[in-house]
1. Which order do Asp334, Asp122 fall in if you start with the one that has the fewest other Cβ atoms within 10 Å?
2. Under a Cβ-only charge scheme (Lys and Arg +1, Asp and Glu -1), can you give me the dipole magnitude of the chain about the Cα centre, in debye to the nearest 20?
3. Work out the charge dipole of the chain with +1 on the Cβ of Lys and Arg and -1 on the Cβ of Asp and Glu about the Cα centre, then indicate which of Leu243, Trp376, Ser403 is farthest towards its positive end.
4. State whether the stretch 135-242 is rounded, prolate or oblate according to the following rule on the C-alpha gyration tensor (a ≥ b ≥ c being the square roots of its eigenvalues): a/c under 1.5 gives rounded; otherwise a/b larger than b/c gives prolate, and the remaining case gives oblate.
5. Taking 29 Å as the cut-off for C-alpha to C-alpha distance, list the pairs among Lys104/Lys309; Lys131/Lys327; Lys104/Lys423; Lys111/Lys307 that go past it.
6. Tyr378 versus Asp117, label points 7 Å from Cα toward the beta carbon: distance in nm?
7. Please rank Cys154, Cys123, fewest neighbouring Cβ atoms within 10 Å first, as an exposure proxy.
8. Multiply the residue separation of Phe298 and Ser403 by 0.36 nm, subtract the distance between their alpha-carbon atoms, and state the gained length in nm to one decimal.
Amino acid sequence: MAAPLTLLLAVAVTIRAALYRSSLADLIADRVEVVSPLNAWKRVVEGLSLLDLGVSPYAGDVFHETPLIIYLFHFLLDYSEITFIVADGITAVALYYAMQDYCKQVFRKQKYALEADRYPLDCLELVRTSKELYYIPLKVAMFYLLNPFTVLSCVAKSTCGLNNAVIALFILSTIKGSALLSAVFLALATYQSIYPLILCAPAMLYLMQRQYIPVNFRRSSFWCFVSQYLFLFLGGLFVITSLSFFLLGSWDFMYSVYGFILTVPDLTPNIGLFWYFFAEMFEHFRLFFLCVFQINIFFYTIPLSIKLKEHPVFLIFMQLAVISIFKSYPTVGDISLYLAFLPVWSHLYRFLRNIFLVSCVLLACSALFPVLWHLWIYAGSANSNFFYAITLLFNVAQILLVSDYFYAFLRREHHLTYGLYLKRKDGSEATLVLK
């Protein structure tokens with residue numbers, strides 16, 4: 001599989017290099033769907049200019065990236081295009097090897113279940129074949145590298161691509177079973193944008209299931225492992241934050257980065273749910289609804305972790321989707337990361353209910369974003385309600401997509417336990433209702 005992956009990387013690099021040299025690069029870099037006030041390249045360049053003049057990049061209200069990002073590009077400014085292309089390549093390769101190891105574990109677990117006759121006889125058609133699992137890692141890499149959302153994000157030089165690379169390395173180290181590297185990369189991702197903090201739960205669940213045999217597992221072992229992982233995670237976060245302080249010489253970045261993410265002062269339109277709602281909000285209600293919106297992302301962690309405690313990789317997929325939908329400054333680059341996981345769940349297609357409709361809505365909204373933006377900003381024949389309507393529909397479609405996969409996953413697990421063709425006591429066909 002090395003040759004197809006190499007060819008895929010070559011095609012992806014060629015596409016990105018061609019777009020960098022085209023007249024579309026500047027247009028893409030200004031699109032509100034692709035960049036946000038948090039990760040726009042122009043703001044990084046502005047921060048670098050302030051740093052070169054001996055002024056803190058956080059002195060104004062322009063730069064809101066982390067200190068490590070600005071010092072990284074302080075040395076790599078002339079190679080910024082290569083840096084973003086390499087970041088996409090790292091993300092794709094990390095996801096490829098992570099899914100390769102995961103598919104081997106799925107096949108091994110499935111083989112043991114078949115040998116132990118744990119599956120009902122009528123569920124054998126739900127069993128995944130080795131050929132199907134063999135091509136999944138390459139499909140995941142292809143879904144990420146050739147996704148138009150990923151390409152646009154890379155050409156716009158959005159720092160979202162760097163965050164995706166860190167999260168992909170976190171996923172790889174977690175699936176490989178390295179608690180230290182998993183905690184370090186998760187700390188780096190959390191340092192970058194706060195929201196990856198919720199990935200701590202699936203990481204600990206996966207590592208515990210990989211390192212401990214259920215027969216010998218005890219409650220003391222559980223709390224011991226949780227304490228160790230949290231110590232590594234918080235220790236890594238402390239070291240990275242302290243390094244930022246020593247590089248910058250002040251704590252100005254704390255409010256400019258994390259305060260900016262949490263308080264949402266910049267209401268520049270984007271594909272998220274925050275900007276329009278808080279633009280219309282009465283000031284004395286702002287704090288309350290700000291807390292409600294921000295807590296919403298973290299709220300789903302506990303119930304999802306309880307329901308999917310035996311399937312932490314699917315839980316990672318769900319958490320990534322929740323982050324990309326409900327974060328304060330989302331871009332299409334965030335969406336491309338969780339969409340790359342869709343080939344892993346190809347076996348769920350038979351249980352999906354709205355996939356065709358949702359796919360059509362997502363494609364239509366993606367095409368209408370620039371149209372309605374032009375009508376609002378340039379033609380003056382529309383207003384912000386038109387653009388937000390498409391934004392709202394786009395996010396509703398994402399929620400339907402993720403909930404549909406969640407339903408399909410739970411339904412398949414139910415069939416693997418109780419049989420594919422359920423019968424009532426009187427022998428008639430039963431209808432499965434998941435609540």
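1. By the 10 Å Cβ count, ascending, the order reads Asp122, Asp334.
2. 1700 debye
3. Among Leu243, Trp376, Ser403, the one farthest towards the positive end of the dipole of the chain is Ser403.
4. Since a/c reaches 1.5 but b/c is at least a/b, the shape of the stretch 135-242 is classed as oblate.
5. Lys131/Lys327; Lys104/Lys423, as the Cα separations exceed 29 Å there.
6. Going from the Tyr378 label point to the Asp117 one covers 6.9 nm.
7. With the fewest neighbours first, Cys154, Cys123 line up as Cys123, Cys154.
8. Details: separation 105, 0.36 × 105 = 37.80 nm, distance 1.70 nm.
Length gained, Phe298 through Ser403: 36.1 nm.
Here, each number is a calculation from the coordinates, and none is a lab measurement. Keep in mind the model is a prediction, meaning the values are calculated, not measured. Glycine gets a Cβ as well: all are built from the backbone with ideal geometry, and neighbour counts include every protein chain shown.
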